[in-house]
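Have a look at the structure below, then the notes.
The values are calculated or read from the model by the stated rules, or taken from the named source; none is laboratory data. Treat the numbers as computed from the prediction; the structure is a model and nothing was measured. No Cβ is skipped: glycine too gets one built from the backbone with ideal geometry, and neighbour counts run over all protein chains shown. Quick note on the areas: whole protein, heavy atoms, side chains included, nothing else; ligands and nucleic acids left out. Shrake-Rupley method; radii C 1.70, N 1.55, O 1.52, S 1.80 Å.
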Amino acid sequence: MNSDVQIAGDPLALPHLLPPVPAHPATVAGFAGLARSIAADRASWAPLVRYDTTTRWYHRLHSVGQEPAGYEVWLLSWVPGQGSGRHDHGASSGVLTVLEGELTEHTATGPRTLAAGAQRVFAPGYVHEVVNDALTPAVSLHIYFPGLTDMPMHPSQATVSGGAAAPSEVLAP
């Protein structure tokens, strides 16, 4: 077949009819893919990581666009024993990706271990607590769409089930 011949109806032969490439992801899969691509570019995030034994360290890598269509990308470090407290993300959906180490996500259905490379996707109102239960530090990447504006705290599971609540303080997304 002659490469100069265009086939009628072939959208690849009519580039002016293709939709423009979106400015940022428009689907859950797109945001998960964005997180994986950032994770794969270790040289862009690893030099930024700091560990703090008194507070959770965090750094906003990107903030793209404004409400309601914008999103944010956060880098967080976790030393052993650090946790987020039980919370949700208000009106934001999110993708959590473990870059290094291991984290434990606690939800109403029980704990889930997240090793490096693991991803969790959540919708607005999803309640969880993330903790570094391991003996080594961990690093995670969080993408929020729209950008995070609210992070309501919830009573710990122990309080919900009638036990004593452990104090918690949220210092980062």
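Overview of results
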{"read-out": "Accessible area, probe 1.4 Å, largest first, for residues 36, 112", "value": "36, 112"}
{"read-out": "Whole-number accessible area per residue in Å² for segment 28-145, which is evaluated in the context of all protein chains at 1.4 Å", "value": "45"}
{"read-out": "Förster-model FRET efficiency, 25 Å R0, residue 127 and residue 60, C-beta, rounded to 0.05", "value": "0.60"}
{"read-out": "Distance in nm between pseudo-label sites at residue 108 and residue 69 (7 Å out along the Cβ direction from Cα)", "value": "3.4"}
{"read-out": "Accessible carbon and sulfur surface of segment 41-128 relative to its total accessible area, %, 1.4 Å", "value": "53"}
{"read-out": "Distance in nm between pseudo-label sites at residue 36 and residue 151 (7 Å out along the Cβ direction from Cα)", "value": "2.7"}
